[in-house]
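Have a look at the structure below before the remarks.
Each value in this text was obtained by applying a stated rule to the coordinates, not by laboratory testing. Everything numeric in this text was worked out from a predicted model, so none of it was measured. Note: ideal-geometry Cβ built from the backbone for every residue, glycine included; neighbour counts use all protein chains shown.
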Amino acid sequence: MLGLATGGFLGYMPVAPGSFGAVIGLLAYCVMPLFPWMAVLMGLILFIGFSVWVSQAAEKLLNEKDPGCIIIDEIAGMAVTLFGFPFSIWIGLAGFMVFRFFDILKPFPIGLLEKKLPGGVGVVADDLAAGIIGNLVLRGLLLLT
């Protein structure tokens, strides 16, 4: 269970474990445009539910609220950020930067979700919010360029 929650134990990296999780999400983005958007959406919804379940179990095993080594939430959040975009290295890099910006700074209401929601839902919800906001910001940036 911890192997899943920590992205194959990359969550134990001594520096920026969340960025390693986002990189795994970037790898998922490489294949997402190969499938119909509805199939990707259904897969993403299933993965988010799986992430909540895994995060909840990992919190119990580690006996800690939202430990930094759990990075499956960053994988899900990064995938949400890049959902619906055609594949492009530049979009992927911009999405990575936008997602990490919101994931690290946690502006309102992102930080509130992490604090107010319990268990696996709280672990994943802030990253999903960062992903949704990141997706919208990335769309806006692409419209401007």
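Sort out which residues of segment 104-120 are among the hydrophobic types (A, V, I, L, M, F, W, C) and surrounded by 14 or more Cβ atoms within 10 Å (Cβ to Cβ), and write them in order of number. Spell out how you get there, then give the answer.
At the first step, the residues of segment 104-120 found to be among the hydrophobic types (A, V, I, L, M, F, W, C) are 104-105, 108, 110, 112-113, 117.
Residues satisfying the conditions are I110, L112, L113, L117.
Against the definition (in contact (Cβ under 8 Å) with a residue 60 or more places away in the chain, over 12 Å from V137 (Cβ atoms) and over 15 Å from the mean Cα position of the chain (by Cα)), how does E64 come out, yes or no?
It is false that E64 is in contact (Cβ under 8 Å) with a residue 60 or more places away in the chain, over 12 Å from V137 (Cβ atoms) and over 15 Å from the mean Cα position of the chain (by Cα).
Going by the structure shown, is A125 of a type outside the set (D, E, K, R), buried (at least 17 other Cβ atoms within 10 Å of the Cβ), over 25 Å from C30 (Cβ atoms) and under 16 Å from the mean Cα position of the chain (by Cα)? Against the criterion (of a type outside the set (D, E, K, R), buried (at least 17 other Cβ atoms within 10 Å of the Cβ), over 25 Å from C30 (Cβ atoms) and under 16 Å from the mean Cα position of the chain (by Cα)), A125 qualifies.
Can you tell me which residue in segment 25-51 is nearest to G84 (Cα to Cα), limited to those that are crowded, with 18+ Cβ neighbours inside 10 Å and of a type in the set (V, I, T)? Going through the qualifying residues, I end up with V40. Checked against (1) under 12 Å from the mean Cα position of the chain (by Cα); (2) crowded, with 16+ Cβ neighbours inside 10 Å, A94 passes all but condition (1).
For segment 28-44, give me the residue count where each residue is within 12 Å of the chain's Cα centre (by Cα) and either on the phi > 0 side of the Ramachandran plot or not hydroxyl-bearing (S, T, Y) (or both).
Selection size over segment 28-44: 2.
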